[in-house]
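Visitor: Have a look at the structure that comes next, please.
The values are calculated or read from the model by the stated rules, or taken from the named source; none is laboratory data. It should be emphasised that the depicted structure is a prediction, and the values quoted were computed from it without experimental measurement. Because the Cβ atoms are built from the backbone with ideal geometry, glycine has one as well, and the counts that use them run over all protein chains shown. Accessible surface is based on the protein model in full, side chains and every heavy atom, while ligands, DNA and RNA are left aside. Shrake-Rupley method; radii C 1.70, N 1.55, O 1.52, S 1.80 Å.
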Amino acid sequence: MRQEKARIIENKKIAKDVYKMVLEAELASLCRPGQFIEISVPGYFLRRPISICEIEEECLTIIYKVVGAGTNVMSGMEAGERLDIFGPCGNGFPEVDGPSLILFGGGVGVPPLYELAKHNKNKTLYVVLGFNSREDVFYADEFRALGAKVFIATMDGSCGTKGTVLDAAETHGVRTGLVMACGPLPMLRALDEAYDQGYLSLEARMACGIGACMGCVVEMKDGSMKRVCKDGPVFEIGSVKL
Ligand SMILES: Cc1cc2nc3c(=O)[nH]c(=O)nc-3n(C[C@H](O)[C@H](O)[C@H](O)COP(=O)(O)OP(=O)(O)OC[C@H]3O[C@@H](n4cnc5c(N)ncnc54)[C@H](O)[C@@H]3O)c2cc1C
Ligand code: FES
């Protein structure tokens, strides 16, 4: 883990309230799919955890939704400015064998799946992306460009299957297999019920982001407590009390 002042290469809007930021950062070489960085937003004390979407030589791409004060400040930053980041944080998705993989992403849970898909291009990839509406959809073409079979679900039915990612999976016959997912809690709960093999990436409010404050603990089904920032954010399906 290291801290650095990363240079912003690009910061542009790609969907409703959603921005893609490319950062020149030496810590890129340390990162794995499913890990995240902690961003210090000018003027705010607590760092904001944001998933790593893509890792390239000395560059990291993140995708973030403007939901509050910190992400609003980030959306106004321009190429050439610097952002204080540290990471990589968390465990990331494990490397897995097998001929195929099903990736489920909901909203801003989609970004960490992109680097994961790049790492698994040799497999048959089913990517099921869920959003509220057509204007929220992003990165479907990027996943397609990797050779993945991409299915979209929107809650209002304006793009793809009307309903949830599970509805889209059912519609397109994506039923069994190893699952890796990131998204809102109701989506993760539903996947936890529907699939018995795979990994879920959780979100939690974080303070320290490095495992020291116990502010992000979740209860496991075996009764133990785990820190989302340090022991996670990726946990095996069926292991967390969701
Ligand atoms: C491991 C992890 C990965 C994430 N990856 C992404 C991503 O790739 N893209 C994305 O858009 N969002 C992601 N989030 C959510 C993101 O951290 C929050 O949306 C962001 O911190 C909101 O900051 P804010 O200042 O705009 O909101 P405010 O509500 O003003 O934030 C106030 C405080 O609450 C914290 N907070 C608010 N919402 C969340 C949340 N959902 N999760 C954790 N902390 C929160 C903030 O960090 C800040 O400390 C991730 C969260 C976690 C835990
Ligand atoms: S945020 Fe402090 S232990 Fe996870």
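Visitor: Can you tell me which residue in region 24-75 is most open to solvent (accessible area, probe 1.4 Å), limited to those that are hydrophobic (A, V, I, L, M, F, W, C) and within 16 Å of ligand 2 (Cβ to nearest atom)?
Guide: That would be PHE45.
Visitor: Only residues that are within 13 Å of ligand 1 (Cβ to nearest atom) and either on the phi > 0 side of the Ramachandran plot or basic (Lys, Arg) (or both): list them for region 212-242, please.
Guide: ARG227, LYS230
Visitor: Moving on. What residue, among those in region 224-238 that are touching a strand residue (DSSP E or B) at 6+ places or on another chain (Cβ under 8 Å) and open to solvent by less than 40 Å² (accessible area, probe 1.4 Å), is farthest from ILE210 (Cα to Cα)?
Guide: Here the residue is ILE237.
Visitor: Consider region 207-223. How many of its residues are open to solvent by 30 Å² or more (accessible area, probe 1.4 Å) and in a loop (DSSP other than H, G, I, E, B)?
Guide: So the answer is 10.
Visitor: Let me ask you something else. Given the conditions (1) more than 16 Å from ligand 2 (Cβ to nearest atom); (2) in the same structural domain as ALA117 (by TED's automatic domain parsing), and given that CYS213 satisfies all but one, which numbered condition is not satisfied?
Guide: Tallying (1) more than 16 Å from ligand 2 (Cβ to nearest atom); (2) in the same structural domain as ALA117 (by TED's automatic domain parsing), CYS213 fails exactly one: (1).
Visitor: Would you point out the residue of region 168-196, among those that are within 15 Å of GLY98 (Cα to Cα) and under 19 Å from the mean Cα position of the chain (by Cα), that is surrounded by the most Cβ atoms within 10 Å (Cβ to Cβ)?
Guide: Within region 168-196, the match that is surrounded by the most Cβ atoms within 10 Å (Cβ to Cβ) is MET180.
Visitor: With respect to ASN72, determine if the residue is of a type outside the set (Val, Ile, Thr) and part of a helix (DSSP H, G or I).
Guide: yes
Visitor: Quick one: how many residues across region 87-100 are in a strand (DSSP E or B) and open to solvent by 30 Å² or more (accessible area, probe 1.4 Å)?
Guide: Here the count works out to 1.
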